[in-house]
Amino acid sequence: MTQGERAVRRAWEAHRRGLQAGATGRPAMGARHLRAGLLLLGWEEDRDQQVREAHQPVAARLLISLAHLEAEQGRTEYGLRLLDLATEMTAEEDLGILLSQRGLLLLRTWRTSEALMFFDQAVPLLESYTDSKVLARVLLNRGVLHLNLGGVQRARADFAWCQRIAAAGQHDSLAAKAAQNLGCCDLLGGDIPAALKLFAAAEDGFRSTAAQFLPVLATDKARALLAVGLSSDAIDELDGAITAFRRQRLDQDLAQAEMTLAQAALAAGALALARRRAVAARRRFRRQGNAACAHLTELILLRAQFAAPRRRPGPIAAQAKLLADRLRSCGLGNDADLAELLAARALVAVGRPVEARQRIAATRRRGPIASLEVGLLRQLAKAELAELEGRPATVLAELRVGLGLVRARRSRLGSVDLQTGAAALGADLAAAGLRQALDRGSAPLVFAWLERSRAQAFRARPVRPPADARAAEILAELRQLGCLIRNAELNGTRDPAAIARRAGLQREVRELSWQAVGRGEAVGRVSLAEISAELCASGQRLVSILARDGAMHAVVLTGKSVQLIRLGDFGRAAEAALRLGADLDTLAGRRLPARLEAVIKDSIRRQTQVLTAEVVTPMGRLLGDAGLVIVPTGPLACVPWNLIPELRGRPVTVCPSASSWLAAWRRRPPSEPLPAAVSPLLVAGPDLAHAAEEITAIAKIYPGARPLLAETATVGATLLGLDGSPLAHLSAHGHDERENFLFSRVDLSDGPLMAYDIQRLTTPPGQVILSACDVGRSVARTGEELLGFTAALLYIGTSTVISSVARVADDAAVGVMTAYHQRLTEGARPASALAAAAAAEPFSPFVCFGAG
């Protein structure tokens, strides 16, 4: 072997190592290998000597690969210059590789027309190339270009072609990339469950073949979560991706992730974070020569300026108009529309309606895919313009159209998690409509807007999570981990490994639930007349509470009239509600010294007095002495209303909306003594001092009842008994998981019964009593969308749930619950039975949710 042949062989080995380093997320190391190979062939930068003619094709391949790795590190223009050097040395059979690489680098700088031209030239040249992976990669890149320009059908065709090549050649990582990009097509088309399902498939592929691509996938997943309003989850995904990109020195991907994080922060209202990340991304894009993406970061910065309390709408309007022109010239039609609509809103803010109308009209030039974000912002801008021009009917009509777009997106989602998150997408529209209604002082109009914008996930038809072998396997392990963690806690220790493993599995189950497809339909809104008729027939009154600018208001329905009442200070009421919950938790804990117990009880009385003054007293005689249905807001959702002196002994039911109350009321069984044949499900969980005593006492009220005690109180037996049961009572330790509501749970003998399990029931139980700590607590997302164990039961169609909004003293629960069931057997409705049963217990935290 000659010296020249040895140099060529070593150069090809350096090429192999360089590609391998680049493929595993180490572009800097890969570039070093490629430069070493070029040096072996006599090529050095900034020197004029020529590579021997026989070695030129090898040198060209090294330069082509080096150009790519330099671009990955943010030096795209330098990469293009390297391709120029490679052009004269490229062999005819490698011309397709050269053309495709130039197309990729031009795509990275958003020179899309040139990039598409080079891709189109490369594809036919590569169809007969010996290594099929090369053509598959080019199809991926061309598909991404089509996707960026809104050409979803062309993108799908390229990704599907790539997928076929990958399957035939068993190129697993390329197959995973194709799945990821097909998910991006679904995301652009608005089918979020389908997108997330494909992302999950891609993740499985990457974990086994190419883990370095997971951060890129996380960025796309974050965009999908933003599309359903889960901005905080998107931020979590992006934080991890950014850390990985920095470690791998992938400047291109890092800039994209920082820009997406800025968008997520803007959606979450974290304006300072949005500005900081947008500035960082803009700096990277400019260094890379990517003017289009730099313009996108400027749009984020302008939107953050407009959202700030102190803003200058005049200059914002001028800058947004110029930015719209730049974005449109880059082929970014949807983003240009966002800039035009931002300009329109700014012009409305400075009282220039004619120019604002022109900017709105400019957004009618839509591409084949119009984003939901553009549609919602267009409706908001049109409503604000109508308000400026004194057209009040048009204002509300435009806002209703916008909320209809959100409703259409929600109808495609099967997961309660995503359904409730989607409310954030229409938050500005809902707030604008409610403000209009309040300013007009119209009680019926305020009520209508509350029902249009509050707890809308309850209007979606329930969807059972799909049967999935992996989910069943995870749930089984979660129950085992639950037992391990609980036993460790009972022994006064912690098991960090088990806790970490549980968190990871919970995340996996949550993401599996996102893949459920909505039924494309929703329960229609009910009218004020329908609700009033039911209230009148049942002798009840309904109070729907809302907060605006620190003040509370209530719409009070008596069955015969509807009135809008100004209540007290929301801040004081919310603080009292939170303190009341904390005081009740303390009181129900270990036995307290007498003096401390007296202090806590005195504090409870003070908090109830504050709530009386701020919420109840302003409504005066409107409340009468009938049964009461309360639709609360914010922290008021966790108030045990029977502790309020004016409401003690009175039937009180809590519901997330008037519509959800009416739906539950119509599902309720008739109000009459329970027949003797009824055998309720009665379950006593472990490690609860009075659980067995409580369940045994209740079982005596129902002849023939067979309670589940000790080892028989398993998750499987409980779920079997719950399915379709008219009445169920669970006495067990409860745990509220505020960060992951699907795993709020009650402890049973073989592990936890979780909210996720409840969603899988075939037929909802009619009434469920949970004499367990905390499980009546709920997390309220934007739009008063409730999450938690109690909410999970209500979502699947359970009419009434009795649960606690604070910790429960075991000995107190026995007396209250026994009296409650005795009242049920006598024919009392649940709310009435609870009011009577709790009358003898001055600090009972139980609340009646649902129908009452």
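The values are calculated or read from the model by the stated rules, or taken from the named source; none is laboratory data. Not measured: the values here are computed from a predicted model. Note that we place each Cβ from the backbone using ideal geometry, even for glycine, and neighbour counts take in every protein chain shown. What goes into the accessible areas is simple: the full protein's heavy atoms, side chains included, and nothing from ligands, DNA or RNA. Shrake-Rupley method; radii C 1.70, N 1.55, O 1.52, S 1.80 Å.
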Q: Report, ordered by the first and then the second residue, all pairs with beta carbons closer than 8 Å, sequence separation of six or more or different chains, a first member in the range 417-434 that is closer than 18 Å to residue 786 by Cα, and a second member that is open to solvent by less than 10 Å² (accessible area, probe 1.4 Å) and of a type in the set (Phe, Trp, Tyr).
A: 417/514; 418/514; 430/449
Q: Could you please tell me which pairs satisfy a Cβ distance under 9 Å, a separation of 6+ or placement on different chains, a first residue in the range 785-811 that is open to solvent by 10 Å² or more (accessible area, probe 1.4 Å) and outside any helix (DSSP H, G or I), and a second residue that is among the aliphatic types (A, V, I, L, M) and at pLDDT below 85?
A: 786/455; 786/457; 786/779; 786/780; 807/588; 808/588; 808/772; 809/588
Q) Out of the range 76-93, which residues are of a type outside the set (S, T, N, Q) and buried (at least 20 other Cβ atoms within 10 Å of the Cβ)? A) 79, 80, 82, 83, 86, 89
Q) Is there any pair with a first residue in the range 740-755 that is in contact (Cβ under 8 Å) with a residue 12 or more places away in the chain and a second that is among the acidic types (Asp, Glu) and open to solvent by less than 10 Å² (accessible area, probe 1.4 Å) whose Cβ atoms are under 9 Å apart and which are 6 or more apart or on different chains, and what are they? A) 741/417; 742/417; 745/757
Q. Here is a list of conditions, (1) over 20 Å from residue 250 (Cα atoms); (2) open to solvent by 70 Å² or more (accessible area, probe 1.4 Å), and residue 38 meets all of them except one; can you say which number that is?
A. (2)
Q: Mind telling me which of the residues 255, 267, 222, 179 ends up being part of a helix (DSSP H, G or I), aliphatic (A, V, I, L, M), open to solvent by 50 Å² or more (accessible area, probe 1.4 Å) and out of contact with any strand residue (DSSP E or B) (no Cβ under 6 Å at 6 or more places or on another chain)?
A: 267
Q. What do you reckon, is residue 593 modelled with pLDDT under 95 and under 34 Å from the mean Cα position of the chain (by Cα)?
A. no
(Q) Condition first: within 30 Å of the chain's Cα centre (by Cα), part of a loop (DSSP other than H, G, I, E, B) and not hydrophobic (A, V, I, L, M, F, W, C). Now tell me which residues in the range 114-155 satisfy that. (A) 150, 151
Q | Failed item in (1) surrounded by fewer than 18 Cβ atoms within 10 Å (Cβ to Cβ); (2) within 27 Å of residue 446 (Cβ to Cβ); (3) touching a Phe, Trp or Tyr at 6+ places or on another chain (Cβ under 8 Å), with residue 601 passing the rest | A | (2)
Q) Filtering the range 290-325 down to residues that are of a type in the set (Gly, Ala, Ser) and crowded, with 20+ Cβ neighbours inside 10 Å, which residue is nearest to residue 110 (Cα to Cα)? A) 294
Q: Could you run through the range 706-721 and say how many residues are buried (at least 19 other Cβ atoms within 10 Å of the Cβ) and more than 18 Å from residue 694 (Cβ to Cβ)?
A: 1
Q. Quick one: in the range 326-348, which of the residues that are assigned to a helix (DSSP H, G or I), small (Gly, Ala, Ser) and farther than 21 Å from residue 388 by Cβ is least open to solvent (accessible area, probe 1.4 Å)?
A. 336
Q: Answer with yes or no whether residue 372 is over 18 Å from residue 112 (Cα atoms) and at pLDDT 95 or above.
A: no
Q | Subset of the range 581-640 (residues that are on the phi > 0 side of the Ramachandran plot and either without any contact (Cβ under 8 Å) to a residue 40 or more places away in the chain or hydroxyl-bearing (Ser, Thr, Tyr) (or both)) | A | 620
Q.
Tally up the residues in the range 185-217 that are assigned to a helix (DSSP H, G or I) and closer than 25 Å to residue 785 by Cβ, please.
A. 10
Q: Give the residue that is farthest from residue 186 (Cα to Cα), with candidates limited to residues of the range 382-401 that are open to solvent by 10 Å² or more (accessible area, probe 1.4 Å) and free of Cβ contacts under 8 Å to residues at least 24 places away in the same chain.
A: 390
(Q) I'm checking my understanding of the structure. Among residues of the range 635-666 that are small (Gly, Ala, Ser) and not in a helix (DSSP H, G or I), which one is surrounded by the fewest Cβ atoms within 10 Å (Cβ to Cβ)? (A) 649
**Q.** residue 479 being touching a helix residue (DSSP H, G or I) at 6+ places or on another chain (Cβ under 7 Å), open to solvent by 10 Å² or more (accessible area, probe 1.4 Å), in a helix (DSSP H, G or I) and of a type outside the set (S, T, N, Q)
**A.** yes
Q: Just name the residue that is nearest to residue 198 (Cα to Cα) out of those in the range 499-527 that are assigned to a helix (DSSP H, G or I), aliphatic (A, V, I, L, M) and open to solvent by less than 60 Å² (accessible area, probe 1.4 Å).
A: 512
Q.
Conditions first: (1) closer than 24 Å to residue 32 by Cβ; (2) in contact (Cβ under 8 Å) with a residue 60 or more places away in the chain; (3) open to solvent by less than 50 Å² (accessible area, probe 1.4 Å). Residue 109 passes all but one, so which condition is the exception?
A. (1)
Q | Residue check, residue 404 part of a loop (DSSP other than H, G, I, E, B) and open to solvent by 10 Å² or more (accessible area, probe 1.4 Å) | A | no
Q | Members of the range 604-634 that are open to solvent by less than 40 Å² (accessible area, probe 1.4 Å) and in a helix (DSSP H, G or I) | A | 604, 607, 608, 611, 612, 614, 615, 616, 619, 622, 623, 634
Q. Which one of 145, 139 is touching a Phe, Trp or Tyr at 6+ places or on another chain (Cβ under 8 Å), more than 14 Å from residue 184 (Cβ to Cβ) and in contact (Cβ under 8 Å) with a residue 24 or more places away in the chain?
A. 139
